[in-house]
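Below is one structure, written out as structure tokens; the observations come after it.
The values are calculated or read from the model by the stated rules, or taken from the named source; none is laboratory data. Predicted model only: the values in this text are computed from it and were never measured. Glycine also receives a Cβ, built like all others from the backbone with ideal geometry; neighbour counts cover every protein chain displayed. Surface accessibility is based on the protein's heavy atoms, side chains included, excluding ligands, DNA and RNA. Shrake-Rupley method; radii C 1.70, N 1.55, O 1.52, S 1.80 Å.
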Amino acid sequence: MTESAIRLLELTKLFDGAGEPAVTALTLDIPRGSIVALIGPSGCGKTTTLRMINRLIEPTSGRIEIDGEDASLRPVAELRRGIGYVIQEVGLFPHQTVHQNIGTVPRMLRWERARVDERVAELAGLVGLEPEQLGRYPDELSGGQQQRVGVARALAADPPVLLMDEPFGAVDPIVRARLQDELLALQERLRKTIVLVTHDIDEAVKVADRVAVLNVGGILEQYAPPDELLHAPASAFVEEFLGDDREIRRLALKRVGDLPFEQGPVLDIGRAPAEARALLDDARSEWIGLTSGGSFVGWAHRDHVEEAATLAALPRELPAAQVRASSTLREAMEVIMNSRTSVAVIDDGGRFGGIVTLEQIRSGLAGRDA
Amino acid sequence: MIPALQASNPIVRWSWFVDEWDQIQAALVQHLELTLLALGLGLLLSATLAAVALRYERGAPSITAGAAAFYTIPSVALFGLLVPYTGLSRATAVLPLAGYTLLILVTAIIDGFRSVPAEVREAASGMGMSSRRRLLTVELPLALPYVITGIRIATVSTVGLVTVAAIIGQGGLGRLILDGLRRTFWTPMTIGASLSILLALALDLLIYHAGAAATPWARRRRA
Amino acid sequence: MIALPIAQAAVPRGIGLLEWLGDLDTWLGPDGILSSGLDTVTLCAAVMGTGILLALPPAALLAHLRRGELTATALVTLGRAVPTFAVAALLVPVALRRGWGFEPWPIFLALLLLALPPLYLNTYTAIRHVDQGTVDAARAMGFGERSILFRVEFALAISVVFTGIRVAAVQVVATEPIRAFLGGDGLGRYVRDGLGQNNETLIIGGALLIAALAATTSLVVTLLERVTVPHGVRRLRLQTASRRGSIG
Amino acid sequence: MRITIGALLVAMVAAAAVLVAGGGDDDGDAEGPTIRIRGQDFSESVTIAEVYGQYLSARGYDVSILTPAGFRTEAIEALRNDQVDLIIDYIGGELTALAPDAGIDAADADAIIATIGPVHEAEGATVLDYSPAIDGDAFVVRGDSEAQTISDVAALGYVFGAAAACFERPQCFLGYTDPGVYGIEFSDTVTIEFGPLLGEALAAGEVDAVVWNTTAPQIGVQGFRVLEDDQGLHPAQNIAPIISSAVLEAWGPGLRDALNELSALITTDDLVAWNIETDLELRESDDVAREWLEQKGLLAQ
């Protein structure tokens, strides 16, 4: 594991008047350049933990080290300016334009105007905002656009650390999925240390490199990469929290391209029918796939192959299920089951890439490191 | 049945308007001065009280209740009570008038600051803004629409109330009204009352536009 | 020429406020606080009753039809700017010459003019800004326009309407004392007599009584609201109302 | 944008500060301080203030005629608080205000001056010579009344109307109802703001008798009558200037002489004439005063 960007050491928070601590002796290493998701039921102290990192809440005891330095010893304003902060409600300043919103921290850091403008334009491009939207007020944007502005604002001064508190909780599932993809793409380029609070296990599994599951009172139940978490829950609590379909969730972690390549009973239509018959016998299959010039053109049934003069003359059925190499196993499984067959054709931009069967998916899940 | 008591006494005798323009103008200026003084003082006091109310949540009800109680003291009585201390001076007029703005302005300022969404405050703090900077660049501008509405209401009612201050010789246009009442002379009464209404409307419009210019982002919300 | 000299008889100069208020004679009798207070309460109640009848129906209807927004604001600003004392004083000679006497018409009309703006504006604003989704839902459920106005819009707006009633009532009660300066009596008589006699006890005592009555009025309206308004609606206080210029 | 509203507020507060600080006129005159005159809040007093003010101004005195306000109480308080330097008041009223229990013959103007003079002197003001012009209290009834004297009213069960102040004064309501003086029992009483409303109320039959002033021009025009004060209750109400002693000294004896000369020239008829012009012909007090002064040749200096 790479070095830690943030270390929480025996962190405890007891709010005034509360009987039980909100966070109890939490110790967590957050590796540099990774995304760590904090997840758990409400009352598990995940947001409190996040807010202790940028000292919106001061811990009762314990320590937070950022780059090996005690966070409590740094001036709070300076500390926060070096940490991007994104929240569910976004919290854009309604009285400032998108441009002004994004430029808030650089202005506080007294950057020159031209440099602020340049940075704002760069960030707008990065998060996918149109230049003409920069002059608008937040009220004039959609929820998804507002959230993009929020992310851009948090990234404005290029902070090494980004804290995100249910950043996509307020947008609809389609936009949420797109924003998650964008975050991953962004992380691909920026390699920030990101701490993400979420209550959505799918989001945590999809986005995070490591997931910390917290129990009520901020007690750490398990801290592991998503696949390990899903495959081997450390406690009954985690198992219950992940739900019955946790194995299915694991399907979301692997892609079709990760499976061993399988050509399957597939032939070019220029080949002889006899070859096809031999292949069908070998594979004990009722159907044979036909390709032409590297593209999949359809399935033909064994009965027709028996009488056919050429493969090209065979009556063909178009494939009911198609996936890409980049599709997750979960997507592939859904596609196959919806097609009422047991096989999907891998098609990447017209190129035939092999086939994937339910059997393959099942065996792919069996081993942790398949 | 009543004999013609007086010389022709129309609702407005326009020659009087022309002849006495100096007097009218002076009254108008004095009216404006008193209104601005009362508002300025009222705003300072309200800002202070509202700041206290916002800082000590538990004190807020007593502060608004106090302002509300002050509002119910009849202005005539208040002017009368102050005369032995401050005489027939501007202070005698301005202090009660400023006091009457408190209820409206304190409420408006408190509402304004309470309207600032918690997430906006949190985002500001999370970005490392000092509380002073947050107050000036985030909370104050966001509270402005409420404050401006409060100032508009306070202005309009203060302009009306200033006329009452004529009984202590500081009335501006109220002077004309009182003069007309004293002689059952409609012209000064009509002119005094009409100009007072016009002044109120003009100031209201002015503040509305100043407010709109100061809060361009609220354009859509204002609708 | 009439002088404004110093009081001697009924209320001796220098009598303490508590002493004055503690004297039973101050309260009872034809000029007593109870009778004067009743005078004031009766007039104010009449003004408020008339005001509610005059202001609420057109405000509710126009708001339901979503018409006359500018007119509402303009009228109300105008109403607020009219100096009540001038109006009342102007009406007195008119009333006298027409044989209507000093009271109650001039003061009644002047107070009515004072009460109408907050009544009208709060009702209008409240109904105008009832969530359109709720209204559409009611319409989709087959509510008639009349039911929508009464059972949906007015029901949801009632809390803000009550705020208008409270503001109007307090203003009316606090302004009614000018009646004492225009040939009438009521609670304002103590302030008037105190000013005439340069007697601070009377002025302060009178002002306190009026302020107390105004506070009581506010309380009574609040209690009325509590009895009338369903709990769920009360919490719905339209925040926008105050920003849109209604008072409360 | 924040700057705009901020600037607006700053400007407002700054303007307020300037206005509060300002207000007082500079007295650039070498000879003496500005003489501030303020009339009380009824036409006659306003005109009188204009007459004295314009007169002094024409004679080279530095004069400022303030907005009329209040009545006697406020006028005396303003003199004491150095908010005004010269008032012209009615001596009978002064007596009831300053020495209500003096026990002198209230109809004797000299006796009144002898009583109120020292009271003012002690407070730094000087009562100058009184004028022959009198504006006394008037017990006024409609023309068709059976009464000739105030005593006659006792049998009539009248409704009585007067300004608030009258009801607590021995020389007014208390005197009318005092069995030792007039002993009248009114059937009802109404408090009426002092001025033309008294006449309106009387004419409308809302009241049967009011206490007004003898120079009120409406009395004649509306066909009312002033009843004879057969018990001699009403005090002498000559007008007399009362001036800040310091201002009087600063300007020297010329000012005293000038004021005394003017007072001697004003008559009761002049007061009535002025009131007719201001309250019936609806002319302005400053114009009325200037015309009278011109007519008397007092502005020609």
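If you count, for every residue in B:62-74, the Cβ atoms of partner chains within 10 Å of its Cβ, what is the mean? Intermediate results must be reported in sequence, preceding the final value.
Details: counts 0, 0, 0, 2, 0, 0, 5, 6, 1, 6, 15, 8, 17.
What the average comes to for B:62-74 is 5.
Using only Cα atoms, find the angle between the long axis of helix A:329-338 and the longest principal axis of chain A, and express it within 0 to 90 degrees, rounded to the nearest 10.
In chain A, helix A:329-338 runs at an angle near 50 degrees to the longest axis.
Per residue, what accessible area does chain C have, given a 1.4 Å probe and all protein chains present, in Å²? Don't skip to the end; give the middle numbers.
Values: 10620 Å² over 248 residues.
Heavy-atom SASA per residue in chain C reads 43 Å².
Pop the C-beta distance of D:Asn81 and D:Asn260 into the FRET formula with R0 = 25 Å and round what comes out to the nearest 0.05.
Efficiency, from the Cβ-Cβ distance: 0.45.
What part of the accessible area of region D:137-226, given as a whole %, is carbon or sulfur when the probe is 1.4 angstrom? Mind showing how you got there, number by number?
Working: 1310 of 2850 Å².
Here it works out to 46 percent.
In whole Hz and in residue order, list the ³J(HN,Hα) couplings for region B:120-129 that follow from phi through the Karplus curve 6.51 cos²θ - 1.76 cosθ + 1.60, θ = phi - 60°; x for Gly and Pro.
Coupling constants for region B:120-129: 5, 4, 5, 4, 4, 5, x, 7, x, 7 Hz.
Tilt of helix B:21-55 relative to the longest C-alpha principal axis of chain B, in degrees (0 to 90, nearest 10)?
So the helix axis and the longest Cα principal axis differ by about 30 degrees.
Taking both sides together, what accessible area is buried at the D/C interface, probe 1.4 Å, expressed in Å² and rounded to the nearest 100?
Numbers: alone 14300 and 13400 Å², together 25140 Å².
For chain D against chain C, roughly 2600 Å² becomes buried.
Counting pairs of alpha carbon atoms under 8 Å apart in space and at least six apart in sequence, what relative contact order in percent does chain C give?
Details: 305 pairs, mean separation 62.8, N = 248.
Worked out over chain C, it gives 25 percent.
Mind telling me which of A:Asp16, A:Asp227, A:Asp209 comes out most flexible in a GNM of chain A, alpha-carbon contacts under 10 Å?
Top of the fluctuation ranking is A:Asp16.
Can you list residues whose amide H is under 5 Å from D:Arg283's amide H, if they're 5+ apart or on another chain and H is modeled 1.01 Å from N?
D:Thr278
Given the options C:Gln197, C:Gln171, C:Gln132, which has the most mean-square fluctuation in a GNM of chain C, springs set between C-alpha atoms less than 10 angstrom apart?
Top of the fluctuation ranking is C:Gln132.
Based on Cβ point charges of +1 for Lys and Arg and -1 for Asp and Glu, what charge dipole magnitude is obtained for chain C about its Cα centre, in debye rounded to the nearest 20?
Values: 20 positive and 16 negative charges, 224 e Å.
Using only the charged Cβ atoms, the result is roughly 1080 debye.
Quick one: which residues, 5+ away or cross-chain, put their amide H under 5 Å from the amide H of A:Val23? H built at 1.01 Å from N.
It is A:Lys13, by chain and number.
Which value in deg cm²/dmol, rounded to the nearest 500, describes the helix-derived mean residue ellipticity at 222 nm for chain B, given -39,500 (n - 2.57) per DSSP H run of n ≥ 4 and division by the residue count? Please list the in-between numbers first.
Working: 11 runs with 170 residues, N = 223.
Result for chain B, helices only: -25000 deg cm²/dmol.
For chain A, what does the relative contact order come out to in percent, with C-alpha contacts under 8 Å and a separation of six or more? Walk me through the intermediate numbers first.
Numbers: 693 pairs, mean separation 56.6, N = 370.
Relative contact order, chain A: 15 percent.
Among A:Cys44, D:Ala162, D:Ala75, pick out the residue whose Cα is farthest towards the positive end of the charge dipole of the protein assembly as shown, where Lys and Arg carry +1 and Asp and Glu carry -1 on C-beta, about the Cα centre.
A:Cys44
With +1 on each Lys and Arg Cβ and -1 on each Asp and Glu Cβ, and nothing else charged, work out how big the dipole of chain B is about its Cα centre, in Debye to the nearest 20. List each step's numbers first, then the result.
Values: 17 positive and 11 negative charges, 119 e Å.
Its charge dipole is roughly 580 debye.
Can you figure out the FRET efficiency of A:Glu130 with A:Arg191, using R₀ = 30 Å and their beta-carbon distance, to the nearest 0.05?
Working: r = 26 Å, r/R0 = 0.88.
Computed FRET efficiency for A:Glu130 and A:Arg191 comes out at 0.70.
Using Cα atoms only, what is the angle between the long axis of helix A:113-127 and the major principal axis of chain A, expressed in degrees (0 to 90) to the nearest 10?
Rounded to the nearest ten degrees, it is 30.
Where the centre of each part is set by its Cα atoms, how far does region D:145-167 sit from region D:98-123, in angstrom?
28
Using amide H atoms built 1.01 Å from N in the peptide plane, name the residues 5+ places from D:Asp178, or on other chains, whose amide H lies under 5 Å from its own.
D:Gly183, D:Ile184
In sequence order, what are the phi-derived ³J(HN,Hα) couplings for region A:294-306 according to the Karplus relation 6.51 cos²θ - 1.76 cosθ + 1.60 with θ = phi - 60°, rounded to whole Hz, with x for glycine and proline?
The phi angles translate into x, 9, 6, 10, x, 9, 10, 8, 3, 4, 6, 5, 3 Hz.
If you roll a 1.4 Å probe over chain A with all protein chains in place, what percent of the accessible area is carbon or sulfur? If you can, show how the numbers build up before the last one.
Values: 8250 of 16990 Å².
Whole-percent figure for carbon plus sulfur exposure: 49.
Which residues make up the longest stretch of chain C clear of chymotrypsin sites (Phe, Trp or Tyr not before Pro) that lie in a DSSP loop with no more than 16 other Cβ atoms within 10 Å, not counting the sites?
The segment C:144-248 is the longest one with no such site.
Per residue of region C:205-215, what does 6.51 cos²θ - 1.76 cosθ + 1.60 with θ = phi - 60° give for ³J(HN,Hα)? Whole Hz please, x for Gly and Pro, Karplus curve as stated.
x, x, 4, 4, 4, 5, 4, 5, 5, 4, 4
If you take the charge dipole of region A:154-300 about its Cα centre, with +1 on Lys and Arg Cβ and -1 on Asp and Glu Cβ, which of A:Thr193, A:Gly294, A:Leu280 is farthest toward its positive end?
Checked the options; the winner is A:Gly294.
Taking the dipole about the Cα centre of chain C, with the C-beta of Lys and Arg at +1 and of Asp and Glu at -1, give me whichever of C:Thr228, C:Leu202, C:Leu61 is farthest to the positive side.
C:Leu61
To the nearest hundred square angstrom, how large is the accessible surface buried between A and B, total for both chains, probe 1.4 angstrom?
Details: alone 17950 and 12580 Å², together 28580 Å².
Separately minus together, A and B give about 1900 Å² buried.
Per residue of chain A, what 222 nm ellipticity follows from adding -39500 (n - 2.57) for every DSSP H run with n ≥ 4, rounded to the nearest 500? Please report the intermediate quantities before stating the final value.
Details: 15 runs with 132 residues, N = 370.
Rounded to the nearest 500, it is -10000 deg cm²/dmol.
Output the peptides D:60-68, A:301-309 sorted from most to least packed, where packing is the average of other Cβ atoms within 10 Å over each peptide's residues.
Taking the mean over residues of other Cβ atoms within 10 Å, the ranking is D:60-68, A:301-309.
Pick from A:Val116, A:Val266, A:Val86: which residue has the top mean-square fluctuation in a GNM of chain A where Cα pairs under 10 Å get a spring?
A:Val266
From the helices alone, meaning DSSP H stretches of at least four residues, give me the mean residue ellipticity at 222 nm for chain D, per-run term -39500 (n - 2.57), in deg cm²/dmol to the nearest 500. Mind dumping the intermediate values first?
Details: 12 runs with 123 residues, N = 301.
Mean residue ellipticity at 222 nm (helix-derived): -12000 deg cm²/dmol.
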